[in-house]
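Heads up: the structure comes next, in C-alpha coordinates.
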Amino acid sequence: MTVLLIISSARDDSVHAVLPGLRERGVPLLWWDEADYPGASTLTTSLVGGHWRQTLTYRGETYDLSAVTAVWDRRPGTPSAPEVPEPSQRAFAEHVAKVALTGAYDLMVGARWMPIRPHRGAAIDNKLLHLYRAVELGFDVVDTVVTNDPDELVPAWNRAGGRLITKTLDARPFTLDGEPRHLYTTVVPRRRLSGRHRLRHGPAMLQPNLPKAYELRVTVVGERVFAARIDSQASRLTAVDWRHYDDPNVGYSAYDLPPDVSERCVRLVAELGLSFGALDFVVTPDGRYVFLELNIGGQWAFVEMLTGLPIGDAIADWLADATARPRPEDPTDAR
(Lines give C-alpha, C1' and ligand atoms only; values in the text may rest on other atoms or scores of the structure.)
Protein backbone atom coordinates (compact mmCIF):
# COMPACT_ATOMS: atom_id res chain seq x y z
CA MET A 1 0.00 0.00 0.00
CA THR A 2 1.33 3.41 -0.96
CA VAL A 3 1.49 5.99 1.83
CA LEU A 4 1.68 9.76 2.24
CA LEU A 5 4.15 10.93 4.87
CA ILE A 6 3.35 14.30 6.47
CA ILE A 7 6.27 15.84 8.34
CA SER A 8 5.04 18.65 10.57
CA SER A 9 4.15 19.68 14.09
CA ALA A 10 1.02 18.13 15.54
CA ARG A 11 -0.19 21.68 16.16
CA ASP A 12 0.04 22.71 12.50
CA ASP A 13 -3.37 24.17 11.63
CA SER A 14 -2.63 23.94 7.90
CA VAL A 15 -2.28 20.16 8.10
CA HIS A 16 -5.50 19.94 10.10
CA ALA A 17 -7.21 21.96 7.34
CA VAL A 18 -6.14 19.50 4.63
CA LEU A 19 -6.75 16.25 6.54
CA PRO A 20 -10.51 16.07 5.75
CA GLY A 21 -9.77 16.38 2.04
CA LEU A 22 -7.13 13.65 2.22
CA ARG A 23 -9.54 11.35 4.06
CA GLU A 24 -12.26 12.03 1.50
CA ARG A 25 -9.80 10.97 -1.20
CA GLY A 26 -8.90 7.81 0.73
CA VAL A 27 -5.23 8.71 1.11
CA PRO A 28 -3.42 6.50 3.68
CA LEU A 29 -1.02 8.65 5.65
CA LEU A 30 1.43 8.89 8.50
CA TRP A 31 1.74 12.24 10.30
CA TRP A 32 5.09 12.53 12.06
CA ASP A 33 7.26 15.34 13.41
CA GLU A 34 11.06 15.47 13.35
CA ALA A 35 10.84 16.85 16.89
CA ASP A 36 9.90 13.29 17.97
CA TYR A 37 13.27 11.98 16.74
CA PRO A 38 15.45 10.57 18.21
CA GLY A 39 13.78 10.97 21.60
CA ALA A 40 10.36 9.47 20.85
CA SER A 41 10.90 7.45 17.67
CA THR A 42 13.50 5.29 15.95
CA LEU A 43 14.68 5.41 12.35
CA THR A 44 16.69 2.60 10.82
CA THR A 45 18.34 2.67 7.40
CA SER A 46 20.14 -0.52 6.42
CA LEU A 47 21.89 -2.12 3.47
CA VAL A 48 21.77 -5.89 3.87
CA GLY A 49 22.42 -8.36 1.08
CA GLY A 50 22.49 -5.59 -1.49
CA HIS A 51 19.03 -4.27 -0.55
CA TRP A 52 18.16 -1.01 1.16
CA ARG A 53 15.53 -0.94 3.88
CA GLN A 54 14.22 1.95 5.94
CA THR A 55 11.82 1.77 8.87
CA LEU A 56 10.35 4.35 11.20
CA THR A 57 8.97 3.26 14.58
CA TYR A 58 6.64 5.75 16.21
CA ARG A 59 4.05 5.32 18.97
CA GLY A 60 4.51 1.56 18.98
CA GLU A 61 4.01 1.11 15.22
CA THR A 62 6.71 0.36 12.66
CA TYR A 63 6.37 1.81 9.16
CA ASP A 64 8.21 0.72 6.03
CA LEU A 65 9.37 3.93 4.36
CA SER A 66 9.70 2.17 1.01
CA ALA A 67 5.89 2.42 0.85
CA VAL A 68 6.02 6.22 0.95
CA THR A 69 5.30 7.68 -2.48
CA ALA A 70 4.61 11.27 -1.42
CA VAL A 71 5.89 13.53 1.34
CA TRP A 72 4.43 16.82 2.56
CA ASP A 73 7.24 18.59 4.40
CA ARG A 74 5.32 21.36 6.13
CA ARG A 75 6.84 23.00 9.20
CA PRO A 76 8.41 20.30 11.39
CA GLY A 77 10.17 20.88 14.66
CA THR A 78 13.87 20.16 15.06
CA PRO A 79 15.25 16.79 16.20
CA SER A 80 15.12 16.51 19.97
CA ALA A 81 16.94 14.26 22.45
CA PRO A 82 15.52 15.53 25.77
CA GLU A 83 16.71 12.54 27.81
CA VAL A 84 20.37 13.39 27.17
CA PRO A 85 21.16 15.63 30.18
CA GLU A 86 24.48 17.22 29.20
CA PRO A 87 23.87 20.15 26.81
CA SER A 88 26.81 19.60 24.44
CA GLN A 89 26.09 15.87 24.22
CA ARG A 90 22.40 16.58 23.60
CA ALA A 91 23.32 19.06 20.85
CA PHE A 92 25.60 16.44 19.29
CA ALA A 93 22.86 13.79 19.38
CA GLU A 94 20.38 16.17 17.77
CA HIS A 95 22.87 17.18 15.09
CA VAL A 96 23.64 13.56 14.19
CA ALA A 97 19.90 12.88 14.08
CA LYS A 98 19.48 15.65 11.51
CA VAL A 99 22.28 14.17 9.41
CA ALA A 100 20.62 10.75 9.57
CA LEU A 101 17.30 12.27 8.48
CA THR A 102 18.93 13.96 5.49
CA GLY A 103 20.39 10.64 4.38
CA ALA A 104 17.11 8.82 4.88
CA TYR A 105 15.22 11.41 2.85
CA ASP A 106 17.80 11.19 0.06
CA LEU A 107 17.20 7.45 -0.19
CA MET A 108 13.47 8.00 -0.69
CA VAL A 109 14.18 8.59 -4.37
CA GLY A 110 10.78 7.49 -5.62
CA ALA A 111 8.75 9.86 -3.47
CA ARG A 112 7.37 13.20 -4.70
CA TRP A 113 7.84 16.06 -2.25
CA MET A 114 5.83 19.14 -1.42
CA PRO A 115 7.33 21.69 -1.61
CA ILE A 116 10.77 20.10 -2.13
CA ARG A 117 13.21 17.67 -0.50
CA PRO A 118 14.49 19.49 2.63
CA HIS A 119 18.20 19.78 1.82
CA ARG A 120 17.38 21.03 -1.68
CA GLY A 121 14.94 23.50 -0.18
CA ALA A 122 17.67 24.87 2.08
CA ALA A 123 19.84 25.42 -0.98
CA ILE A 124 17.25 27.36 -2.99
CA ASP A 125 15.44 29.21 -0.18
CA ASN A 126 17.22 32.49 -0.85
CA LYS A 127 15.66 35.84 -1.71
CA LEU A 128 18.51 36.85 -4.01
CA LEU A 129 18.19 33.65 -6.03
CA HIS A 130 14.43 34.17 -6.32
CA LEU A 131 14.92 37.75 -7.54
CA TYR A 132 17.53 36.56 -10.06
CA ARG A 133 15.18 33.91 -11.48
CA ALA A 134 12.27 36.36 -11.47
CA VAL A 135 14.25 38.82 -13.59
CA GLU A 136 15.15 35.99 -15.99
CA LEU A 137 11.44 35.18 -16.40
CA GLY A 138 10.52 38.79 -17.16
CA PHE A 139 8.94 39.82 -13.86
CA ASP A 140 9.02 43.50 -12.93
CA VAL A 141 11.58 43.71 -10.09
CA VAL A 142 12.72 46.89 -8.33
CA ASP A 143 16.33 47.98 -7.90
CA THR A 144 17.79 45.93 -5.04
CA VAL A 145 21.00 46.14 -3.04
CA VAL A 146 22.05 43.57 -0.45
CA THR A 147 25.05 44.79 1.51
CA ASN A 148 26.79 45.27 4.83
CA ASP A 149 28.79 48.22 3.47
CA PRO A 150 27.68 51.41 5.27
CA ASP A 151 28.83 53.48 2.30
CA GLU A 152 26.08 51.91 0.16
CA LEU A 153 23.21 53.20 2.30
CA VAL A 154 23.19 56.90 1.35
CA PRO A 155 23.47 56.26 -2.44
CA ALA A 156 20.59 53.75 -2.22
CA TRP A 157 18.53 56.28 -0.23
CA ASN A 158 19.20 58.98 -2.81
CA ARG A 159 18.34 56.70 -5.76
CA ALA A 160 15.02 55.96 -4.05
CA GLY A 161 14.31 59.67 -3.71
CA GLY A 162 14.33 59.36 0.07
CA ARG A 163 11.75 56.53 -0.05
CA LEU A 164 13.87 53.56 1.00
CA ILE A 165 12.92 50.38 2.84
CA THR A 166 15.06 47.67 4.37
CA LYS A 167 14.32 43.94 4.70
CA THR A 168 16.03 40.98 6.25
CA LEU A 169 17.24 38.10 4.08
CA ASP A 170 15.81 35.55 6.51
CA ALA A 171 12.85 35.73 8.87
CA ARG A 172 14.67 34.02 11.74
CA PRO A 173 13.35 35.33 15.10
CA PHE A 174 15.63 36.72 17.79
CA THR A 175 15.36 38.16 21.29
CA LEU A 176 15.80 41.75 22.47
CA ASP A 177 15.84 42.47 26.21
CA GLY A 178 14.57 38.95 26.74
CA GLU A 179 11.55 39.42 24.46
CA PRO A 180 11.05 37.55 21.17
CA ARG A 181 11.26 39.85 18.17
CA HIS A 182 10.80 39.61 14.42
CA LEU A 183 12.17 41.93 11.73
CA TYR A 184 9.59 43.37 9.36
CA THR A 185 10.01 45.55 6.29
CA THR A 186 10.99 48.97 7.64
CA VAL A 187 11.16 52.48 6.20
CA VAL A 188 14.60 54.12 6.40
CA PRO A 189 14.07 57.79 7.41
CA ARG A 190 16.75 60.39 6.84
CA ARG A 191 17.75 60.42 10.51
CA ARG A 192 18.79 56.75 10.29
CA LEU A 193 21.49 57.58 7.78
CA SER A 194 23.68 58.93 10.56
CA GLY A 195 23.73 55.45 12.12
CA ARG A 196 24.67 53.70 8.90
CA HIS A 197 27.85 52.30 10.50
CA ARG A 198 25.61 49.67 12.13
CA LEU A 199 25.02 48.12 8.72
CA ARG A 200 28.55 46.69 8.95
CA HIS A 201 27.36 44.07 11.45
CA GLY A 202 25.00 42.27 9.10
CA PRO A 203 23.77 42.46 5.49
CA ALA A 204 20.41 44.04 4.74
CA MET A 205 18.27 44.24 1.62
CA LEU A 206 17.62 47.81 0.43
CA GLN A 207 14.83 48.67 -2.02
CA PRO A 208 12.77 51.73 -2.96
CA ASN A 209 9.45 51.98 -1.14
CA LEU A 210 7.06 51.62 -4.06
CA PRO A 211 3.70 53.40 -4.18
CA LYS A 212 1.01 50.73 -3.72
CA ALA A 213 -2.54 50.46 -4.90
CA TYR A 214 -2.77 47.08 -3.15
CA GLU A 215 -0.76 43.90 -2.72
CA LEU A 216 -1.15 40.29 -3.82
CA ARG A 217 -0.41 36.96 -2.20
CA VAL A 218 -0.22 34.38 -4.99
CA THR A 219 -0.21 30.72 -3.95
CA VAL A 220 0.96 28.15 -6.49
CA VAL A 221 0.13 24.47 -5.99
CA GLY A 222 1.62 22.42 -8.81
CA GLU A 223 0.25 24.23 -11.87
CA ARG A 224 -2.73 25.80 -10.09
CA VAL A 225 -2.62 29.46 -9.13
CA PHE A 226 -4.64 31.22 -6.43
CA ALA A 227 -4.29 35.00 -6.17
CA ALA A 228 -5.58 37.08 -3.26
CA ARG A 229 -5.79 40.86 -3.17
CA ILE A 230 -4.69 42.50 0.10
CA ASP A 231 -5.84 46.09 0.57
CA SER A 232 -2.82 46.87 2.71
CA GLN A 233 -3.05 50.63 2.20
CA ALA A 234 -6.32 50.80 4.12
CA SER A 235 -4.43 50.70 7.42
CA ARG A 236 -1.34 52.49 8.70
CA LEU A 237 -0.31 49.25 10.41
CA THR A 238 -0.06 47.34 7.13
CA ALA A 239 0.92 50.09 4.69
CA VAL A 240 4.60 49.11 4.67
CA ASP A 241 4.33 45.41 5.60
CA TRP A 242 0.95 43.67 5.54
CA ARG A 243 2.25 40.99 7.92
CA HIS A 244 1.47 43.35 10.80
CA TYR A 245 -2.12 42.18 10.15
CA ASP A 246 -5.08 44.48 10.75
CA ASP A 247 -7.82 42.20 9.49
CA PRO A 248 -10.77 44.29 10.73
CA ASN A 249 -9.63 47.16 8.50
CA VAL A 250 -7.78 45.41 5.66
CA GLY A 251 -9.79 43.66 2.98
CA TYR A 252 -8.82 40.31 1.43
CA SER A 253 -10.47 39.06 -1.75
CA ALA A 254 -9.96 36.59 -4.57
CA TYR A 255 -8.22 38.17 -7.54
CA ASP A 256 -8.05 37.45 -11.27
CA LEU A 257 -4.36 37.51 -12.10
CA PRO A 258 -3.41 38.39 -15.70
CA PRO A 259 -2.58 35.17 -17.60
CA ASP A 260 1.01 36.19 -18.35
CA VAL A 261 1.74 36.94 -14.68
CA SER A 262 0.04 33.69 -13.63
CA GLU A 263 2.13 31.70 -16.11
CA ARG A 264 5.36 33.29 -14.85
CA CYS A 265 4.41 32.38 -11.27
CA VAL A 266 4.00 28.71 -12.23
CA ARG A 267 7.28 28.76 -14.15
CA LEU A 268 9.21 30.37 -11.30
CA VAL A 269 7.99 27.76 -8.81
CA ALA A 270 8.66 24.87 -11.21
CA GLU A 271 12.11 26.09 -12.30
CA LEU A 272 13.19 26.27 -8.67
CA GLY A 273 12.21 22.61 -8.35
CA LEU A 274 9.22 23.37 -6.13
CA SER A 275 5.68 22.00 -6.16
CA PHE A 276 4.41 24.81 -3.92
CA GLY A 277 5.22 28.48 -3.47
CA ALA A 278 3.71 31.63 -1.98
CA LEU A 279 4.63 34.76 -3.96
CA ASP A 280 4.17 38.37 -2.95
CA PHE A 281 3.55 41.29 -5.31
CA VAL A 282 2.89 45.02 -5.17
CA VAL A 283 0.41 46.40 -7.67
CA THR A 284 1.25 50.05 -8.23
CA PRO A 285 -1.32 52.80 -8.94
CA ASP A 286 -0.30 52.72 -12.62
CA GLY A 287 -0.95 48.96 -12.84
CA ARG A 288 2.55 47.42 -12.60
CA TYR A 289 2.82 43.94 -11.06
CA VAL A 290 6.07 44.12 -9.11
CA PHE A 291 7.50 40.87 -7.75
CA LEU A 292 8.73 41.05 -4.15
CA GLU A 293 9.61 37.55 -2.99
CA LEU A 294 8.76 33.86 -2.90
CA ASN A 295 8.25 31.77 0.24
CA ILE A 296 8.76 28.05 -0.27
CA GLY A 297 6.77 27.20 2.85
CA GLY A 298 4.53 30.27 3.00
CA GLN A 299 1.33 30.22 5.01
CA TRP A 300 -1.86 29.87 3.00
CA ALA A 301 -4.66 28.86 5.39
CA PHE A 302 -5.41 32.49 6.31
CA VAL A 303 -5.85 33.29 2.60
CA GLU A 304 -8.35 30.46 2.21
CA MET A 305 -10.21 31.49 5.36
CA LEU A 306 -10.51 35.14 4.30
CA THR A 307 -11.17 34.68 0.58
CA GLY A 308 -12.69 31.24 0.13
CA LEU A 309 -10.00 30.22 -2.37
CA PRO A 310 -9.82 26.38 -2.34
CA ILE A 311 -6.08 26.11 -1.70
CA GLY A 312 -6.45 23.24 0.77
CA ASP A 313 -8.36 21.20 -1.80
CA ALA A 314 -5.63 21.83 -4.36
CA ILE A 315 -2.99 20.61 -1.90
CA ALA A 316 -5.08 17.53 -1.13
CA ASP A 317 -5.46 16.85 -4.87
CA TRP A 318 -1.71 17.17 -5.46
CA LEU A 319 -0.82 14.92 -2.52
CA ALA A 320 -3.43 12.33 -3.44
CA ASP A 321 -2.17 12.19 -7.03
CA ALA A 322 1.45 11.99 -5.86
CA THR A 323 0.65 9.22 -3.40
CA ALA A 324 -1.16 7.15 -6.05
CA ARG A 325 1.76 7.20 -8.48
CA PRO A 326 3.96 4.10 -8.51
CA ARG A 327 7.52 4.39 -7.26
CA PRO A 328 10.65 2.55 -8.45
CA GLU A 329 11.19 -0.98 -7.19
CA ASP A 330 14.43 -0.04 -5.43
CA PRO A 331 16.67 3.03 -5.21
CA THR A 332 19.46 2.25 -7.66
CA ASP A 333 21.20 5.61 -7.19
CA ALA A 334 20.32 7.76 -4.21
CA ARG A 335 22.47 10.61 -5.46
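Quick one: how many residues across the range 94-125 are of a type in the set (A, V, I, L, M), open to solvent by less than 30 Å² (accessible area, probe 1.4 Å) and closer than 25 Å to residue 47 by Cβ?
Count: 6.
Residue under question is residue 199, and the condition is that it be open to solvent by less than 70 Å² (accessible area, probe 1.4 Å), part of a helix (DSSP H, G or I), closer than 19 Å to residue 164 by Cβ and of a type outside the set (D, E, K, R); does it hold?
Yes; evaluated as a whole, the condition is true for this residue.
Can you name every residue in the range 96-124 that is of a type in the set (A, V, I, L, M, F, W, C), under 18 Å from residue 274 (Cβ atoms) and in contact with a Ser or Thr (Cβ under 6 Å, 6 or more places away or on another chain)?
The answer is 111, 114.
Please tell me if residue 133 is open to solvent by 60 Å² or more (accessible area, probe 1.4 Å), under 30 Å from residue 70 (Cβ atoms) and part of a loop (DSSP other than H, G, I, E, B).
So residue 133 fails the test.
Quick one: what pairs do we get from the range 158-169, first residue closer than 14 Å to residue 199 by Cα, second open to solvent by 60 Å² or more (accessible area, probe 1.4 Å), C-beta under 7 Å, 6+ apart or different chains?
Between residues of the range 158-169 that are closer than 14 Å to residue 199 by Cα and residues that are open to solvent by 60 Å² or more (accessible area, probe 1.4 Å), the close pairs are 165/186; 165/187; 166/186; 168/183; 169/203.
If residue 142 meets every condition in (1) more than 23 Å from residue 245 (Cβ to Cβ); (2) surrounded by 12 or more Cβ atoms within 10 Å (Cβ to Cβ); (3) in contact with a strand residue (DSSP E or B) (Cβ under 9 Å, 6 or more places away or on another chain); (4) without any contact (Cβ under 8 Å) to a residue 60 or more places away in the chain apart from one, which number is that one?
The failed condition is (4).
For the condition farther than 22 Å from residue 116 by Cβ and over 21 Å from the mean Cα position of the chain (by Cα), what is the one hit in 67, 100, 91?
Within the list 67, 100, 91, the selection yields 91.
Go through the range 148-158 residue by residue and tally those that are closer than 18 Å to residue 128 by Cα, touching a strand residue (DSSP E or B) at 6+ places or on another chain (Cβ under 9 Å) and either open to solvent by 20 Å² or more (accessible area, probe 1.4 Å) or part of a loop (DSSP other than H, G, I, E, B) (or both).
Total meeting the criteria: 2.
Across the range 159-180, which residue is nearest to residue 126 (Cα to Cα) among those that are of a type outside the set (Phe, Trp, Tyr) and part of a strand (DSSP E or B)?
It comes out as 167.
Residues are listed down the side, and each one gets a yes or a no for (1) closer than 21 Å to residue 101 by Cβ; (2) open to solvent by 60 Å² or more (accessible area, probe 1.4 Å); (3) of a type in the set (Ser, Thr, Tyr):
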residue: 22; (1), (2), (3): no, no, no
residue: 31; (1), (2), (3): yes, no, no
residue: 42; (1), (2), (3): yes, yes, yes
residue: 48; (1), (2), (3): yes, yes, no
residue: 55; (1), (2), (3): yes, no, yes
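Need pairs with beta-carbon distance below 6 Å; first residue under 9 Å from residue 311 (Cα atoms) and within the range 215-227, second at pLDDT below 95 and open to solvent by 20 Å² or more (accessible area, probe 1.4 Å); sequence gap 6+ or separate chains.
Listed by first residue and then by second, the contacts come to nothing, as the list is empty.
Scanning for something under 19 Å from residue 9 (Cα atoms), touching a residue at least 24 places away in the same chain (Cβ under 8 Å) and within 27 Å of the chain's Cα centre (by Cα), does the range 46-57 turn up at least one residue?
Yes, because at least one residue in the range 46-57 is under 19 Å from residue 9 (Cα atoms), touching a residue at least 24 places away in the same chain (Cβ under 8 Å) and within 27 Å of the chain's Cα centre (by Cα).
Report yes if residue 183 is open to solvent by 70 Å² or more (accessible area, probe 1.4 Å) and assigned to a loop (DSSP other than H, G, I, E, B), otherwise no.
So residue 183 fits the description; yes.
Which numbered condition in (1) under 26 Å from residue 300 (Cβ atoms); (2) without any contact (Cβ under 8 Å) to a residue 40 or more places away in the chain; (3) touching a helix residue (DSSP H, G or I) at 6+ places or on another chain (Cβ under 7 Å) is the only one that residue 188 fails?
Single failed check for residue 188: (1).
Farther than 25 Å from residue 205 by Cα and either in contact (Cβ under 8 Å) with a residue 24 or more places away in the chain or aliphatic (A, V, I, L, M) (or both): which single residue out of 282, 261, 269, 303 fits that description?
Step by step, each of 282, 261, 269, 303 is checked, and only 303 is farther than 25 Å from residue 205 by Cα and either in contact (Cβ under 8 Å) with a residue 24 or more places away in the chain or aliphatic (A, V, I, L, M) (or both).
Can you go through 229, 217 and tell me which one is in a strand (DSSP E or B) and open to solvent by 30 Å² or more (accessible area, probe 1.4 Å)?
None of the other options fit; the residue is 229.
Please verify whether residue 141 is under 30 Å from residue 164 (Cβ atoms), in contact with a helix residue (DSSP H, G or I) (Cβ under 7 Å, 6 or more places away or on another chain) and modelled with pLDDT of 95 or more, treating the condition exactly as stated.
yes
Can you name the residue in the range 1-11 that is of a type outside the set (S, T, N, Q) and modelled with pLDDT under 95 and, of all such residues, is nearest to residue 303 (Cα to Cα)?
The residue in question is 11.
The values are calculated or read from the model by the stated rules, or taken from the named source; none is laboratory data. The structure displayed is predicted, hence computed values, not measured ones. In this analysis, Cβ positions are derived from the backbone assuming ideal geometry, glycine residues included, and neighbour counts consider all displayed protein chains. The area values use the complete protein model at the heavy-atom level, side chains included, leaving out ligands, DNA and RNA. Shrake-Rupley method; radii C 1.70, N 1.55, O 1.52, S 1.80 Å.
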